[in-house]
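A.B. asks: Before we start, here is the structure in question, set down as C-alpha cells.
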Amino acid sequence: MNYDRLGRLVDVKAPAAQNVGHASISDLVTQYTELGDRRRIYAVYQRNGDANALSSDKWYNYDAEGRITIVDGRAIERRHQHTCRGSHGGLLRRAGPALEDRK
C-alpha cells in the first residue's frame, strides 16, 4: 500500500501469492481532486479461480460547493466542454473529463 503526503491511500497491490483464496489485485489506484475529494478509483484484479483479468474504472464529480454529483460514473471520452446555465442565467463552460452517471 502506498499513501500520498497527506496520508491518503493512493495505490494497493495484493498479488495472488500473498492473497491465497481471494481475488488478487494487480493495481488499485485512487486519484483525488485538488480539494482532496476522491476523483477516480481504477482497479485491475483477478477473481479467485478465474484466469481472466478484470478492470474497474469509477469516477466521481462534485459541484462548485463540493457536493458530490456523480458516484461510480465512467469516463466517456478524454476531454469535453461542459455547458450549463448558472444562477444568473448565463452559460458557464468548463473543460474536463467527460463523465456520465451509471444510473
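A.B. asks: In the range 2-48, how many residues are outside any strand (DSSP E or B) and without any contact (Cβ under 8 Å) to a residue 12 or more places away in the chain?
C.D. replies: Let us first name the residues in the range 2-48 that are outside any strand (DSSP E or B), namely 4-8, 15-23, 33-37, 47-48.
From the residues that got through so far, the ones that are without any contact (Cβ under 8 Å) to a residue 12 or more places away in the chain too are 5, 7, 15, 17-20, 34.
Qualifying residue count for the region: 8.
A.B. asks: Return the residues of the range 46-65 that are loosely packed, with under 14 Cβ neighbours inside 10 Å and either touching an Asp or Glu at 6+ places or on another chain (Cβ under 7 Å) or polar (S, T, N, Q) (or both); say none if nothing qualifies.
C.D. replies: Once the filter is applied, which keeps residues that are loosely packed, with under 14 Cβ neighbours inside 10 Å and either touching an Asp or Glu at 6+ places or on another chain (Cβ under 7 Å) or polar (S, T, N, Q) (or both), the range 46-65 yields Asn48, Asn52, Ser55, Ser56.
A.B. asks: Could you list all residues from the range 49-58 that are touching a residue at least 12 places away in the same chain (Cβ under 8 Å) and farther than 18 Å from Asp72 by Cβ? Lay out the reasoning, then the answer.
C.D. replies: Of the range 49-58, the ones touching a residue at least 12 places away in the same chain (Cβ under 8 Å) are 53, 55-58.
Hit for the range 49-58 is Ala53, nothing else.
A.B. asks: While we're here: For the range 59-71, enumerate the residues that are in contact with a Leu (Cβ under 7 Å, 6 or more places away or on another chain) and free of Cβ contacts under 8 Å to residues at least 40 places away in the same chain. Walk me through it before giving the result.
C.D. replies: Initially, the range 59-71 is screened for residues in contact with a Leu (Cβ under 7 Å, 6 or more places away or on another chain), giving 59, 61, 66, 70.
Those that are in contact with a Leu (Cβ under 7 Å, 6 or more places away or on another chain) and free of Cβ contacts under 8 Å to residues at least 40 places away in the same chain: Asn61, Gly66, Ile70.
A.B. asks: Given the residues Val20, Val71, which is the only one that is at pLDDT below 90, surrounded by fewer than 10 Cβ atoms within 10 Å (Cβ to Cβ) and aliphatic (A, V, I, L, M)?
C.D. replies: Details: Val71 fails: surrounded by fewer than 10 Cβ atoms within 10 Å (Cβ to Cβ).
Among Val20, Val71, only Val20 is at pLDDT below 90, surrounded by fewer than 10 Cβ atoms within 10 Å (Cβ to Cβ) and aliphatic (A, V, I, L, M).
A.B. asks: What residue, among those in the range 28-66 that are among the acidic types (Asp, Glu) and over 13 Å from the mean Cα position of the chain (by Cα), is nearest to Asp4 (Cα to Cα)?
C.D. replies: As a first pass, look at the range 28-66 and keep what is among the acidic types (Asp, Glu): 34, 37, 50, 57, 63, 65.
Within this subset, residues satisfying the condition of being over 13 Å from the mean Cα position of the chain (by Cα) are 34, 50, 63, 65.
Numbers: Glu34: 13, Asp50: 32, Asp63: 24, Glu65: 24 Å.
Only one residue fits best here, namely Glu34.
The values are calculated or read from the model by the stated rules, or taken from the named source; none is laboratory data. Note that the structure is a prediction, hence the values are computed from the model and not measured. Ideal geometry is used to build each Cβ from the backbone, glycine not excepted, and the neighbour counts take in all protein chains shown.
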